[in-house]
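Contents: one structure, followed by commentary.
What follows is calculated from the coordinates using simple rules that are stated; it is not laboratory data. Here the structure is a predicted model, which means the values were calculated and not measured. Note: ideal-geometry Cβ built from the backbone for every residue, glycine included; neighbour counts use all protein chains shown.
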Amino acid sequence: MMGNTFFRGASLLCAVLLVMVAPLSSSSQDRKVIRVTAERFTFTPSHIKVKRGTVVEFRLRSEDTNHGFRIVGSDANVIIPKRGRGEATLTFLAETPGRYTFECSKMCGAGHGFMRGLITVDE
Amino acid sequence: MRTLTTFSIAMLVAGPLVAQTPNPSAADPQNPEKAPAETRIEELERRVRELESRLLEQTPSAIPPSTPSDERSTVSQTGPLSGYMDFHLNRPEREDPQLDFHRFVLLFNHSFSDRLRFVGELELEHGFVSGLEASGEVELEQAYLDFRLKPELNFRAGMLLAPVGIINERHEPPTFNGVERPFVDTFIIPTTWFDAGAGIYGTVGNGWQYRAYVMAPLDATKITADEGLHEASQKGFASNVRNVAGTGRLEYVGLPGLNIGASFWQGKTGFNFRRGESRVGVTEFDGRYHTGCFAVRGEFAQVFIDGAEDLNDLLQRTAGVNPNIASQMRGFYVEPSLRPLPRLKYDVAAFVRYENFDTQFRMPEGVLPLKQFDRTAWVFGASYFPDPDVVLKIDYTIVRNQSSLFGSADSLNIGLGWWF
């Protein structure tokens, strides 16, 4: 009993001591929630600017049908529920400065191809 | 394994505990027999579990998860095809009612790569096609390749929709009120207006986007006094491109719920005549806005036909009848609407639309306009959406003209439309 308690205590103590630096790296990441509305055939906002290191949480809502939200060049791709049926969330770590195109990935009508936007990650 | 996972997560999250370590002297008041060290360990364990669950919620990932609130009910089960259907019952005053499967449209979408894509839209109108005039039509309304370079500049070539007005590029049944499309978007802007062409499009930042195409021009011999430009498109059928037309649209979509745009079309149309030339220009402005349960949209379009006098002479020599084509046509509409149950699964909408459209707004010199072509329409209607992609519509349309000789018929219309 005593040995077990000692082992659990030692494990936790190690955990605490070994990872004191871990929160330093995670706390350097700003977290930003961005609400995006999808509607045939636009995203609003369609141009999103964030700083490098920001963890962007997209909250995606549709005003009409199902849309997709795909960040080109990555595997990030979610389906946005139809109007009145909740929202999708997608988390994007803005690690590298640059421009990232996002687009609707689900055919939504005659103007589907216009449904695009831009994420700019600044230094 | 689970212990190891818990331990690893604890390593990631336990840092803050250093600053928040409980007071070592604080024993569990519920169980005074417990050793202070044991109580402290239990407290730490509890906090590690709490932080573990928080971490799992918040860890960013390179491959983000899809987390709609209710996957089963929010995502349509769609196959490789998409499309829309439009099924109408029209009952004009003093006439028998008609059932019309107005539109059966299939859309195709294929990505060769992130930069190169194909989109096609094939439409069957009125359910039946034969060689007779009164039958339906099969139309290839879109079939283009997109060459995507960057957001500001992309190329498109093939069969294109003219980027003019609200309805021409946005005509899925759940997207507009009323069983039939607005008259302005039928006679002044000849939706669905498509033809062969090529051009560029893109976004220019701060919510502005554009398209600019060259397309096959309209055919002057198909312009009529009654229906304006409605049948004037060559529709990609061996389209004559002796002179191409230019068209473009600039839109602002930078604010939630707001979309305002301006479009133009300019092109020579007299390729069927050896002598004489005519030119058609279209200028259009439109806006849409919705907030909460309220929405409003409006559109203004004006057509300029240069050389209308010569055109009438040439057509009279060919057909024996002066077609009475105007030098200017004009139309506009305003449509407020209400959706009193916003964001609910089952939705209803009510609207009223006022339209004014005149296909003889200005005539060539010396020719008087015919008053029956100066028309107004009031459309009152409602829509029920059992699903955001399915709509049951009903409206009553009152059309009036300025003539004391020619009457016009009201109509009751019921429509079922769906997108899939």
Nearest-0.05 FRET efficiency for B:Phe264 and B:Thr291, computed from C-beta distance (R0 22 Å): 0.15
5 angstrom amide H check on B:Leu341, placed H, neighbours 5+ away: B:Val348
³J(HN,Hα) computed for each position of region A:79-84 - Karplus, 6.51 cos²θ - 1.76 cosθ + 1.60, integer Hz, glycine/proline x: 9, 8, x, 5, 3, x
Lysines whose Cα lies under 25 Å from that of A:Lys51, excluding same-chain neighbours fewer than 8 positions away: A:Lys32, B:Lys150
Contact order relative to length of region A:29-122, as percent, for alpha carbon pairs under 8 angstrom and 6 or more apart: 34 percent
Inter-label distance for B:Phe380 and B:Leu140, nm, one decimal - labels placed 7 Å from Cα along Cα-to-Cβ: 4.6 nm
Region A:29-122 shape via C-alpha gyration tensor axes, a/c threshold 1.5: prolate
Radius of gyration and Dmax over the Cα atoms of region B:280-420, both given in Å: 19.5, 60
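Set the Förster distance to 30 Å, then compute FRET efficiency between A:Asp75 and B:Tyr346 from the Cβ-Cβ distance, nearest 0.05.
Working: r = 35 Å, r/R0 = 1.16.
Efficiency, rounded to the nearest 0.05: 0.30.
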Cα Rg, Dmax (largest Cα-Cα span) when computed across region B:124-185, Å: 15.6, 47
Relative exposure of A:Cys108, B:Cys293, judged by other C-beta atoms within 10 Å (fewest first): B:Cys293, A:Cys108
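If you rank B:Val282, A:Val55 by fewest surrounding Cβ atoms within 10 Å, what's the result?
Values: B:Val282 26, A:Val55 20.
Neighbour counts put them in this order, fewest first: A:Val55, B:Val282.
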Separation between Cα centres of region A:70-123 and region B:108-174, rounded to whole Å: 23 Å
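Can you order the peptides B:399-408, B:269-278 by their average number of other Cβ atoms within 10 Å per residue, highest first?
Details: B:399-408: 13.3, B:269-278: 16.8.
Result, highest mean Cβ count within 10 Å first: B:269-278, B:399-408.
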Added length on full extension, which subtracts the Cα-Cα distance from 0.36 nm per residue, B:Phe147 to B:Glu93: 14.5 nm
Placed amide H near B:Gly136: partners under 5 Å, 5+ positions off or other chain: B:Phe128, B:Val129, B:Ser130
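Using a cut-off of 12 Å between beta-carbons, work out the net charge of the residues near B:Asp286 (Lys and Arg +1, Asp and Glu -1, B:Asp286 not included). Display every interim value, and only then the final one.
Values: positive: B:Arg170, B:Arg249, B:Arg288, B:Arg297; negative: B:Glu169, B:Asp185, B:Glu251, B:Glu284, B:Glu299, B:Glu335.
My count for the surroundings of B:Asp286 gives -2.
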Potential extension, B:Val334-B:Tyr354 segment - 0.36 nm per residue separation minus Cα distance: 6.6 nm
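Most exposed first by the Cβ proxy, i.e. fewest other Cβ within 10 Å, how do B:Asp374, B:Asp185 rank?
Numbers: B:Asp374 18, B:Asp185 28.
Final ranking by Cβ density, sparse to dense: B:Asp374, B:Asp185.
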Pairwise label distance in nanometres, B:Arg275 with B:Asp410, each label 7 Å out on the Cα-Cβ vector: 5.2 nm
Between region B:253-310 and region B:380-420, the Cα center-to-center distance that results, in Å: 23 Å
Within-9-Å neighbourhood charge of B:Ala377 [Cβ basis; K, R +1; D, E -1]: +2
Label-point gap, in nm, between B:Phe237 and B:Phe112 - each point 7 angstrom along Cα→Cβ: 3.0 nm
Contour minus Cα-Cα distance for B:Leu255 and B:Ile394 (0.36 nm per residue): 46.9 nm
Qualifying lysines (Cα of each under 18 Å from Cα of B:Lys235; at least 8 residues distant if same chain): B:Lys222, B:Lys268
Residues whose placed amide H lies under 5 Å from that of B:Gln402, excluding near-sequence neighbours: B:Asp374
Principal axes of region B:165-290: Cα extent on each, largest first, Å: 51, 34, 21
